[in-house]
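Report on the following structure.
Since every read-out is calculated from the coordinates, none of them should be taken as a lab result. Quick caveat: nothing in here was measured; it's all calculated off a predicted structure. With ideal geometry, Cβ positions are generated from the backbone for all residues, glycine too; neighbour counts draw on all protein chains shown.
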Amino acid sequence: MRGRKRRQRRSRTEWSELVAQQQASDLSQHEFCTQHGLSRKTFGNWKRRLDREAPSEGLDSPWLEVAPPPQATVSASWEIELDLGDGVVLRMRR
């Protein structure tokens, strides 16, 4: 087994820190993994796993729950506008 790198086992906390570092950087997952000697497949698996676990553990989640204020009246019509950047706007009305 000469010439082969021995894989380093990382804890959940270490993967969480690596995912946070990549998200805070200007690097793509591919670039980040290349610079840090990480398997892109393993990194992606851990990122998905941590994203799924985030809401139940109180970690930052990519999802935002939207609900009306407790005393708000519900009307039959509504309008939502999302600015997706680069001049793309998504509008939904009822």
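A compact table of results
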| read-out | value |
| --- | --- |
| Under the Karplus curve 6.51 cos²θ - 1.76 cosθ + 1.60, θ = phi - 60°, whole-Hz ³J(HN,Hα) for region 22-27, x wherever Gly or Pro sits | 5, 5, 7, 8, 8, 9 |
| Positive minus negative residues near C33 (Lys, Arg vs Asp, Glu; Cβ under 12 Å) | +2 |
| Summed side-chain charge close to R93 - residues other than R93 whose Cβ falls under 12 Å, Lys, Arg +1, Asp, Glu -1 | 0 |
| Under the Karplus curve 6.51 cos²θ - 1.76 cosθ + 1.60, θ = phi - 60°, whole-Hz ³J(HN,Hα) for region 9-19, x wherever Gly or Pro sits | 7, 10, 7, 4, 4, 5, 5, 4, 5, 5, 4 |
| Highest average packing first - 27-36, 8-17, Cβ atoms within 10 Å | 27-36, 8-17 |
